[in-house]
Amino acid sequence: MDVETGEDFGPWLARQLKLAGKTQADLAVELKLTRAAISAWITGRSTPRPTVMTEIAKALGTDVGTVHTRTTDTQAGLPITWYHRPGYPDGGRDLGNAAAFAFDADVQVLARETCQNSLDERVTENGRPVRVRYTLHELTGEALDAFREAILWNDLFPHYSAVSEIAGSQKVGRVVDAGVRDMYEKGRLVLLRVDDYNASGLIGDDYADGKFAAVVRRQLESLKSGHGAGGSYGLGKATLWATSALGLVLINSTLSESHEGRTERRVIGRLELPWREVDGKPYAGPAWFGRPDPDSPGAMVARSWWADEETVASLHLTRESDEPGTSFLVVGAHDVASLEGNSSDGDEEARDEEDSEDTRDIRKMHRRLVKALGRDFWAAMTGGGSRLPLLEVSVRALRNGEVVVPEEQVDPSAEQPSRTRALRAHYEGTTVDRLTEAGQVAARSVPLKLPQSGGARGTLGTHQAVLLVTEAANDADTPKNQVHSLRGNRMTVKRAGATNLPLGTNPFQAVLLVGEAAGESAPFAKEAEDFLRAAEPPEHDRWGQTEELTLRWSPSAYRRINMLTAEVNNAVRELVARPKRSSREGGAALRKALTVKTRPKAKLPSGPVIPVLDGLDATIGDDGEWRITAEVSIPRGDEVVPMVPVAQLDVRSGGRPKLDWAELVALEGCEVEDGTLRFVPGARRAKFQGSTDASSHPVRTTLTRLVLELRAGKGE
């Protein structure tokens, strides 16, 4: 059996001397050699004899095997500790990480962001999918005590106490204070670990540009450059810390590219707390758990270290193989939505009556993770023909190392049966032009006309997206009649109901493949990826107007997306419409029996005409917002009055509360300018879509009714 060797001897020895606080001259004296001999080892001009290796091990306080293999640092010298960033000299205070406020403390949001990141970091050379495992692990009793000892809880506690003292004045402090009290009062701590395999890992230096520094050291930095990448804002990693009630995440990464001659067990922790004062000394916010860097001033700054197997086991960071990827451990995971309860969980709740409240919580979190992963990543988990799945995902729940919920691999055909069938048919080349039998999948090309960048006029080219439509299964396919839109990494970006469907339409489901999801060989696929990626907000849950879209293309570039939406809705209506009856079925005979009298054309009104609301389709979105699609009838006239859509809640008495719009998008026959609908001259009908701002809702949306009005002028 070959002995594993890691880093070159010279750089390894130089670092061990720094960690031990020794110089080359000190080592030369202990080994009774010249300083020139030590220098030759450091610079790589020579290596010590095996007998000398034993003496080096004694001088460094380690075993000879560590000196021979050099896959880990010696345990001598500076110990693993916490480094807390000192307060700013100018007195500035950060009362929390702003990036974390972009997301809710919700395991479903965490699943979407972390799984997207794993997809983006997939190693593509081997053609295998990236495997992601979510583990909920509840610790109590001795297991909890051992874990707190491993993370040096006694060193952290004064900082948490300082935060608790100011908890009433800011949000982060209240969350952390509640997390600490929950741990002590209930005697439990929930860990949520996210492991990915066949991913790149956190490669790069601790401080210089690279993936490690982007995740561990910096905020709002995204190094994803591929066209098919899901993320672009550098915000997704903040969901890890947002989901921790203690603001603490530990990391163990196996690298796809060696760093310092090694790849396995690169470990570090990061703590996110607000400004605080401990023993009269101010601290700015974040802290890091690692080995003191001897190259930093006073050896104060903590950097990552190459941990041994015993250490990663005590930190609950042991990985199942040496396959590259990263393990993130969210310490004190909490899920606000899970704690609020869910009516759909009723059957399982009844079966869990004899379980403790704590166990029931992790069961809920387990179910919500499975549901979210199946909803957002079903397409990435689907293969067919020559196309392989990009992703495999599983979820499990433990308590003190014992299984609470067995590991469950998310099955896309169970979570999204109709859409999975449609995508497989597309990959296998078995789609049809029109639906005539049960189980068929109809395909249609839909154009996306890409604008010129930099505000230039004209069209760069036309990308042909692929629309797939099939009948809805009777099991898990809810809600019906929806279009799921996705691009290169096959994560569902947009979910929207089809509009203006003919009466009596059979329930269906649809999938829109855009960009590289439509095929890397599709014309302008990479350009479409770039364009749509810029049109996504940080949540990556829709396409519309964004600042990046305006800066890189133009303020009106979003209209190309509106045109795509209109084309998709038209194609869906054509594919699901029932065949019209032939004129031979009595139509001609009926026309002969009728006498049609013509009327003179009515004169156009000379004054302004007021459009009226003619149709409304409204649903409640995942975040509790109202999502509407409205149709407007426009009378004939020389001048059409601009109208302002106003969303209100219906109440029994008093004035109706007005809701703010998060988004208003014109689909046809109109344009949206500063919340006002301006109608295209000559158009008789118009259509627009909108989403309300859930934060402006005074009560939960499911308990309300929506009223939509069109008001002239500025909406008074």
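The values are calculated or read from the model by the stated rules, or taken from the named source; none is laboratory data. Please read all numbers here as calculations on a predicted model, not as lab measurements. Glycine also receives a Cβ, built like all others from the backbone with ideal geometry; neighbour counts cover every protein chain displayed. The accessibility values were calculated without ligands, DNA or RNA, using every heavy atom of the protein model including side chains. Shrake-Rupley method; radii C 1.70, N 1.55, O 1.52, S 1.80 Å.
A few points about this structure:
- Distance violations [Cα-Cα > 20 Å] among K371/K480; K237/K281; K32/K58; K364/K480: K237/K281; K364/K480
- Note on the range 100-159: percent of Cα-Cα distances in each 10 Å bin, starting at 0 and stopping at the bin with the largest distance, equals 16, 27, 32, 20, 4.
- Rounded FRET efficiency, nearest 0.05, which uses the C-beta distance separating T34 from Q219 and R0 of 45 Å: 0.40
- Across every pair of non-identical alpha carbons in the range 1-56, the mean reciprocal distance, once inverted, gives a Kirkwood radius of 11.8 Å.
- Coarse-grained scattering of the range 263-306 at q = 0.18 Å⁻¹, given as base-10 log I(q)/I(0) from a Debye sum over alpha-carbon atoms: -0.64
- With all protein chains in place and ligands, DNA and RNA left out, the 1.4 Å accessible area ranks R684, R133, R552 as R684, R552, R133, largest first.
- Geometric descriptor of the range 442-558, per residue, is 115 Å³ (volume of the convex hull of the Cα atoms).
- What the Cα convex hull of the range 238-278 gives, in volume per residue, is 112 Å³.
- Take R265: with every protein chain present and a 1.4 Å probe, its accessible area is about 50 Å².
- When all protein chains stay in place and ligands, DNA and RNA are ignored, the 1.4 Å accessible-area order of K58, K687, largest first, is K58, K687.
- For the range 637-716, Kirkwood radius (reciprocal of mean inverse C-alpha pair distance, Å): 13.7
- Cα-based Rg and Dmax for the range 379-426, where Dmax is the largest Cα-Cα distance (Å): 14.1, 45
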